[in-house]
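Novice: For reference, the structure I am asking about is given below.
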Number of protein chains: 4
Amino acid sequence: MPEKKKRFIAIIGSGQCSAPEAELAEAVGRQLARRGATLVCGGLGGVMEAACKGASSEGGVTIGILPGDNYHAANPYVQIPIVTGIGYARNLAVVKSAQAVIAIGGSYGTLSEISHALQSGILVIGLNTWSLSRNDQPDNSIIPAQNPTEAVNKALSLTAHQ
Amino acid sequence: MPEKKKRFIAIIGSGQCSAPEAELAEAVGRQLARRGATLVCGGLGGVMEAACKGASSEGGVTIGILPGDNYHAANPYVQIPIVTGIGYARNLAVVKSAQAVIAIGGSYGTLSEISHALQSGILVIGLNTWSLSRNDQPDNSIIPAQNPTEAVNKALSLTAHQ
Amino acid sequence: MPEKKKRFIAIIGSGQCSAPEAELAEAVGRQLARRGATLVCGGLGGVMEAACKGASSEGGVTIGILPGDNYHAANPYVQIPIVTGIGYARNLAVVKSAQAVIAIGGSYGTLSEISHALQSGILVIGLNTWSLSRNDQPDNSIIPAQNPTEAVNKALSLTAHQ
Amino acid sequence: MPEKKKRFIAIIGSGQCSAPEAELAEAVGRQLARRGATLVCGGLGGVMEAACKGASSEGGVTIGILPGDNYHAANPYVQIPIVTGIGYARNLAVVKSAQAVIAIGGSYGTLSEISHALQSGILVIGLNTWSLSRNDQPDNSIIPAQNPTEAVNKALSLTAHQ
């Protein structure tokens, strides 16, 4: 009987975030862990730390793909620190290592991750994050979610076939 | 007497583009060259090729920062091919090597370059390109231009102090 | 009581290797896992696959930091595939993510990893691998080991303080 | 009548170097420029700066592919600064952007560039630099040169067909 395929889901957002964003991120992290998904993130503070904290609290695995040159920059809930040494070019690795990306809030770094994901054909689910239009036409590639449960449901159900 | 500082301006956009976008890109390339700026781009086809063609026709210098492993992928108007071997992580180098970025149309790769530029504090000028909003609030960081002349004027005048 | 610090040890070598090299790699992987270390590698075949196979057989955790654009290139024993999309620039991430590196045989890619490790102050232990001299003076930075047990002992004991 | 193909030759070596190494690098830079080649380097001090100084003094073009986040780190003789933002992963771009590499002295960073070049099938010529052996067998892939003239002759003649 084949093992059920493991899900890697990225949570992206700012290294400094508001309290409501941290709550969202922690809830998303908890739910991903409960449902057996592995959390991928950029390994730093803010949304990334809150997400790792949530996942860890439920016994989930947390991967932090770091921009700098050593693992000390990782937040304390990262279990698997990946030290890339390539700066913000690591944003590409954060999204490519996941089957789906959940964006929570976020600034331009998050937007670069959303862009790299969409360019790579990786599903992006958004919670209070960027919205896009091109030549004044809305681009609806970011799938909206109203709350953590909906975000996690969409991330897992829409990638179930992969 | 100090030499006048050289301007490096990036033109970004899709590797495949419409005829009107190619015209815009070629005109921007021509005007940058006439005004002594060096053109930086991703080195491939579409908007990048049209921009290099325009700059070359006016005797300008063209730099193409390529994603792949050899220079043969460069369009024929690239004089300085940089072969990075790092895939789309090279998008970061395209914008960081410029004092300002002019975005023409573009898809998600272009959006990642816009994001990396804004994250790095590099001016972005847009011609028929993406517009952004965050949490339903418009983000006006991309400076709009109506035509090639306005785009080049803004790119050069707003970075004159750097 | 503080948790014992987790060791991340990289095993590096060619994507295609001889049977004796594969045996060495598998033995090193097994012993690292038995001693609680996490295995980091480049995620592909040859030495990397043999090392992951050995570690997996003892219940160890295996991380594969891949050069390409999707996780399908990972060998079947990689549990945590990291998809970098940056080609051989990922060699830097392989060594920087470890406290020590064990090199087994290897060609120029392996030599680049040895170099990046030594440049970053990361311990390198060699099993039948490169030796270096500079201006005709031997450089003894690669710590030799005669067999897998010695390699693992040195990797773990010499980084115990970190 | 086809234009004669332009040569891009990389000079690699330490960011801090001895006076004799700087003399070698400056002489190599001068001769490359006189013979119409474009100089590629890592853009920093030491061997890189001396090489750029030599090339500039003969009217040559100098490209500096920088590891960091802005062009201010470039030595004053770099005419085309490429700002990669990817740290020492830029070593890959330095060698891949050239048809041949001339290594002068150098430490582990230089050795990583030599390795990446040999892995990519790019010719490496050595002046007082590393020598390699693998499993106690000498590896003669680095082509030795006794002086700057011989290094430049070999770099240009052996890549003339490319």
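Novice: What is the antiparallel percent of DSSP beta bridges lying wholly in the protein assembly as shown, to the nearest 5?
Specialist: If we restrict to bridges inside the protein assembly as shown, about 20 percent are antiparallel.
Novice: Follow-up. Would you mind listing the distances between the A:PRO76 label point and the same position in each other copy? Use 7 Å along Cα-to-C-beta, nm, one decimal, shortest first.
Specialist: 4.2, 5.0, 6.3
Novice: Out of all DSSP beta bridges in the range A:1-142, what portion is antiparallel? Express it as a percent rounded to 5.
Specialist: Expressed as a percentage, antiparallel bridges in the range A:1-142 total about 15.
Novice: Label position 7 Å from Cα toward Cβ: report the copy-to-copy distances for B:SER57 in nm, one decimal, ordered from shortest.
Specialist: So the label point of B:SER57 gives 4.2, 6.2, 6.6 nm to the other copies.
Novice: With a ≥ b ≥ c the root eigenvalues of the C-alpha gyration tensor of the protein assembly as shown, is it rounded (a/c under 1.5), prolate (a/b larger than b/c) or oblate?
Specialist: oblate
Novice: In addition: Under unit Cβ charges (Lys, Arg +1; Asp, Glu -1), what dipole magnitude, rounded to 20 debye, does the protein assembly as shown have relative to its Cα centre?
Specialist: That gives the protein assembly as shown a dipole magnitude of about 0 debye.
Novice: Here's something else I'd like to know. Copy-to-copy spacing for D:HIS161, label 7 Å out on the Cα-to-C-beta vector, in nm, shortest first?
Specialist: 5.0, 5.4, 5.7
Novice: Would you tell me the mean number of C-beta atoms belonging to other protein chains that fall within 10 Å of each C-beta in B:103-114, as a whole number?
Specialist: 5
Novice: Let me ask another. Quick one: if the Förster radius is 22 Å, what FRET efficiency do D:ALA160 and D:GLU58 give, using the C-beta to C-beta distance and rounding to 0.05?
Specialist: Here the calculated transfer efficiency is 0.60.
Novice: Still on this structure, I have one more. As a check on your reading of the symmetry: which chain D residue has its Cβ nearest the axis that brings D onto A, and how far is it in Å?
Specialist: Looking at chain D's Cβ atoms against the axis toward A, the nearest is D:ILE86, 2.
Novice: Turning to a different aspect of this structure: From the residues B:ILE82, B:SER157, B:CYS52, which one has its Cα farthest along the dipole of chain B in the positive direction, the dipole being from +1 and -1 charges on Cβ of Lys/Arg and Asp/Glu about the Cα centre?
Specialist: After comparing all options, I get B:SER157.
Novice: Oh, and also: Summarise the partner chain shielding of C:132-142 as one whole number: the mean count of Cβ atoms from other chains within 10 Å of each residue's Cβ.
Specialist: Other-chain Cβ atoms within 10 Å of each residue's Cβ, averaged: 3.
Novice: Now, a different point. If you count, for every residue in D:117-128, the Cβ atoms of partner chains within 10 Å of its Cβ, what is the mean?
Specialist: 2
Novice: Using all alpha carbons of the range B:1-101, what is the percent of pairwise distances in each 10 Å bin, ordered from the shortest bin to the longest?
Specialist: The percentages, shortest bin first, are 19, 52, 25, 4, 0.
Novice: Quick one: among B:GLY29, B:GLY59, B:GLY45, which has the greatest mean-square fluctuation in a GNM of chain B with alpha-carbon springs under 10 angstrom?
Specialist: B:GLY59
Novice: Within 10 Å of each candidate Cβ there may be at most 16 other Cβ atoms; applying that plus a DSSP loop requirement, which GluC sites (Glu not before Pro) in the range C:36-122 survive?
Specialist: Sites meeting the loop and neighbour criteria: C:GLU58.
Novice: Still on this structure, I have one more. Give me the one-decimal nm value for the distance between modelled label points at A:ILE143 and A:ALA73, 7 Å along each residue's Cα-to-Cβ direction.
Specialist: 3.1 nm
Novice: Tell me the relative contact order for the range C:1-94 as a rounded percent, counting alpha carbon contacts under 8 Å between residues six or more apart.
Specialist: The normalised contact order for the range C:1-94 reaches 26 percent.
Novice: When the dipole is taken about the Cα centre of chain D, and only Lys, Arg (+1) and Asp, Glu (-1) are charged at their Cβ, what size is it in debye, to the nearest 20?
Specialist: 520 debye
Novice: Remind me, relative contact order of chain A in percent, using alpha carbon pairs under 8 angstrom and six or more residues apart?
Specialist: The value is 22 percent.
FYI, it's all coordinate maths here, none of it is from the lab. Computed from a predicted model, the values in this text were never measured in an experiment. Ideal geometry is used to build each Cβ from the backbone, glycine not excepted, and the neighbour counts take in all protein chains shown.
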